[in-house]
Each structure stands twice: as structure tokens, then as C-alpha cells.
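Comments concern the structure below.
What follows is calculated from the coordinates using simple rules that are stated; it is not laboratory data. Just so it is clear, the model here is predicted, and its values are computed rather than measured. Neighbour counts are summed over all protein chains in view; Cβ atoms, including those assigned to glycine, are modelled from backbone coordinates with ideal geometry.
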Amino acid sequence: MALQTYRIAREPYYCPAGDEVALFEAAHADRLPVMLKGPTGCGKTRFVEHMAWRLGLPLVTVACNEDLTASDLLGRYLLEAEGTVWQDGPLTLAVRHGAICYLDEIVEARADTTVVIHPLTDDRRALPLDKRNELLTAHPDFQLVVAYNPGYQSVAKDLKESTKQRFAALEFGYPAAAVEAGIVAHEAGIEPAMARRVVAVAERSRNLRGRGLEEGASTRMLIHAGRLIGRGVAPEAACRMAIILPLTDDSDLRDALAAAVGACF
Ligand code: ADP
């Protein structure tokens, strides 16, 4: 009951790029902690939603950031009319009742927050709740999944080796052009031929990665452009609004991207 709101009622649409579904299922069978590696907006979150639905498990998602404390994950005592009441944090909820806990952008969390997952990700499968004086053994269905974008990696902001080595990893990239066009057409509700053109813009933008652009256009951006086109916005204007302007403030790069758009439509 506690996790009812975290259940996924309808199948989330997910188009596989390879054998990631079977690999995840194998990892899940042993409750191995899994790390999803890949650039932003390439389908990691959608994949974990799809897998939770497939496995019939609730999904508890936490977007990590540098202000996230261990208590935010574990829980805290709250002062209520009838006294202090313990409230489980999202990680504790998943561990206690058996859910997939998905920590998005795990590198954003501080090291002292990240270490709370250590005892959960080895043979102990337990979560110490020091404030409650409780050692919570994980529910048999509990599984930990984290997402990690290697592109933003810097020495100051990387996972500790002792954390990394607890996970099996799946690598995500942008799907092959035909697959990505299918995803854009489905999610934005536009014609496949139009989706292919939007994907062609993305491919050109991805070639500019490392040459001024930190990242090329993500699948998410293409879907935004597709939705604008679906609303009747001209493709060039849609790509400018959904892709070029959010990606860069550099006028030369904007010109290069605009030329790429011009070549695709
Ligand atoms: P990430 O978690 O990697 O930042 P998301 O999972 O949020 O990215 O993906 C962004 C959007 O792109 C999703 O909402 C979905 O519409 C779409 N998407 C990306 N890859 C796929 C895929 N393989 N199958 C279906 N949809 C996808």
C-alpha cells in the first residue's frame, strides 16, 4: 500500500537499442545494482520506467543534487501534533517495501550522501537508519539503479572508485537514426519523414560536440522540436526554438546549427 502511488499503471513506450532489456532482467534476477551511463535525454529514465513496469515493481525516483543530504534519502523525524513521527525517505521506502530506487544524476550528490548506498549494494543488502537505531534489511524485490552522465565527468565530480565498483553498467547512446526517428515520430506524433529530418539536424549537431558544443542535441530536444512542428510551427523555427537556442549562446555555433537546419529542410 505504501508504494501504491509509485506503481506504473501503463506500459511506458520504450524502443530498445540493443539487448539492454534482457541484460537488465538478468541483473534484476540477482538484484544487482545497475548503473545507466549515457548523455542527457537519451532514454535512461524512460528505460528504467519501462523495466519497472515490465517487472511489476514500483519505481521510486530521486533527482540527485548537491544539496541532497543523507536524511533526504533515508528519512527524518517530523514534529506533529501527537509528537515526533518518523517518515521514511524515498530510499528507505523502496528498501522497506520492495521497489526499484532510481537515483538520477548520482554524481551530483555529495560523497557523504552517496556512501549511504554502500551497505545496500553488497552482500549485506541492509540500510542502517542510525537516527532510528534500526538496521533495515532490504525487501527481496528491492533493486538500486543509478544514472550517470560520463560527459560531465571531471576529477572533482566523479564517483568514487569504491562506489563505482558496486554496480554493473549499461551504456546508452543516441539510438541509430532510423530508430531515433521512430521514437521522435511516436513521441511527438509527427510523420516519420519529418522525424527523419529532425534527426538529421541532431546528427549534424552531434558532430559539433567537442568543437564548441558540450553536447549535441538530445533525443528529448528532438521530441520538443517535433511537438512544435506538430502544432504547426515551421520546422526551421521549431528547430531554432527547441534545439539551437537552448544548446548554445555562441553566435558562430548558432550560425553553424542554423546552416545544418537549413540543409535538412
Ligand atoms: P535521460 O534519462 O537519459 O536524460 P529520458 O529517458 O528522459 O532521458 O529521455 C528523454 C525522452 O526521450 C523520453 O521522455 C522519451 O520520450 C524519449 N526517448 C529517448 N529514448 C527513447 C527510447 N529508446 N524509447 C522511447 N523513448 C525514448
If you put +1 on each Lys and Arg Cβ and -1 on each Asp and Glu Cβ, how big is the dipole of the range 208-255 around its Cα centre, in Debye rounded to 20? 300
Considering the options Gly210, Gly226, Thr69, tell which one lies farthest towards the positive end of the dipole of the chain, charges being +1 on Lys and Arg and -1 on Asp and Glu at the Cβ, about the Cα centre. Gly226
Of Leu247, Ala185, Leu127, which is farthest towards the positive pole of the range 112-265's charge dipole, taken about the Cα centre with +1 and -1 on the beta-carbons of Lys, Arg and Asp, Glu respectively? Ala185
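Can you give me the convex hull volume of the Cα atoms of the range 111-186, divided per residue and expressed in Å³?
158
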Assigning unit charges at the beta carbon (Lys, Arg +1; Asp, Glu -1) and nothing else, what dipole magnitude in debye, to the nearest 20, does the range 71-169 show about its Cα centre? 220
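What is the Cα radius of gyration of the range 57-123 over 2.2 N^0.38 Å, N being its residue count?
1.17
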For Thr163, Thr61, what ranking results if the residue with the fewest other Cβ atoms within 10 Å of its Cβ goes first? Thr61, Thr163
Env charge @ Cys239, Cβ radius under 11 Å, K,R +1 / D,E -1, value +2
How high is the FRET efficiency between Asp141 and His118 when r is their beta carbon distance and R₀ equals 25 Å, given to the nearest 0.05? 0.80
For the chain, go through all pairs of different Cα atoms, get the mean of 1/r, take its inverse, and jot down that Kirkwood value in Å. 20.2
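About its Cα centre, what dipole magnitude does the chain give when the only charges are +1 on Lys and Arg Cβ and -1 on Asp and Glu Cβ, stated in debye to the nearest 20?
Computed charge dipole of the chain: roughly 420 debye.
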In whole Hz and in residue order, list the ³J(HN,Hα) couplings for the range 84-93 that follow from phi through the Karplus curve 6.51 cos²θ - 1.76 cosθ + 1.60, θ = phi - 60°; x for Gly and Pro. 8, 10, 7, 10, 4, x, x, 5, 4, 4
How about Lys37: which lysines have a C-alpha closer than 18 Å to its C-alpha, ignoring those fewer than 8 places off in the same chain? Lys157, Lys160, Lys164
